[in-house]
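**Q** The structure that follows is given in the form of structure tokens.
Rule-based calculations on the coordinates, nothing more; no lab input. Fair warning: this is a prediction, and the values are worked out from it, not measured in the lab. Glycine gets a Cβ as well: all are built from the backbone with ideal geometry, and neighbour counts include every protein chain shown.
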């Protein structure tokens, strides 16, 4: 037993010396609910003016996590729930996260695994880059679709640039910029604007989003 304790302590010490963040080994279940004045998604208003209500339930242990996120407010596809799983951690100021997301829309017969994205996020200090790649699109969307963001956090402000990429869809090349102010951990305000829409296929009016998040203890 003492030898096992020494080995564990030694591994933790070596990880700390190397700058690794060692996730706690205990499991955790967390939940949150939220609302916003619109379903704001990647620079677009999916609800066409309707408000959004959402909820999230997540299980995590040692950097691994899985959960379900559900939402109202999508004008075209109706009710939505997303199944996700991933792993994240840090190395000093460097952060990383890799996950899979399956988007489910029961009202339009989109089932689990029909529409799935792989997501890779890398961050250093206040800067985070995230890439979303469609890897499954059975009868829904197209596998050529991807989306990328670059975000910078300055105190309570976050400036984010996002761009859609899809050779087979009119959304290809649509880019937007968001400026978010986090009043606190629960309330945020976002001003978003499409800045590039070469085919003029989306609503490029500025959008003001008020979002509220309530963790469930």
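**Q** What is the Rg over Rh value, at two decimals, for the stretch 36-84, using alpha-carbon atoms and the Kirkwood definition of Rh?
**A** Taking Rh as the inverse mean 1/r over Cα pairs, Rg/Rh reads 1.09.
**Q** Roughly speaking, what % of Cα-Cα pairs in the stretch 121-210 are separated by over 15 Å, rounded to a whole number?
**A** In whole percent, the long-distance tail amounts to 65.
**Q** Another question about this same structure. Note down the Stokes-Einstein diffusion coefficient of the chain in µm²/s, whole number, using a Kirkwood radius over alpha carbon pairs, 4 °C, and 1.567 mPa s.
**A** Numbers: Rh = 19.2 Å.
Rounded, D is 67 µm²/s.
**Q** As I understand it, the value is the acute angle between the Cα axis of helix 2-18 and the longest principal axis of the Cα atoms of the chain; what does it come to in degrees, rounded to 10?
**A** 50
**Q** Sorting 41, 69 on the 10 Å Cβ count, fewest up front, what's the list?
**A** Fewest-to-most ranking of 41, 69: 41, 69.
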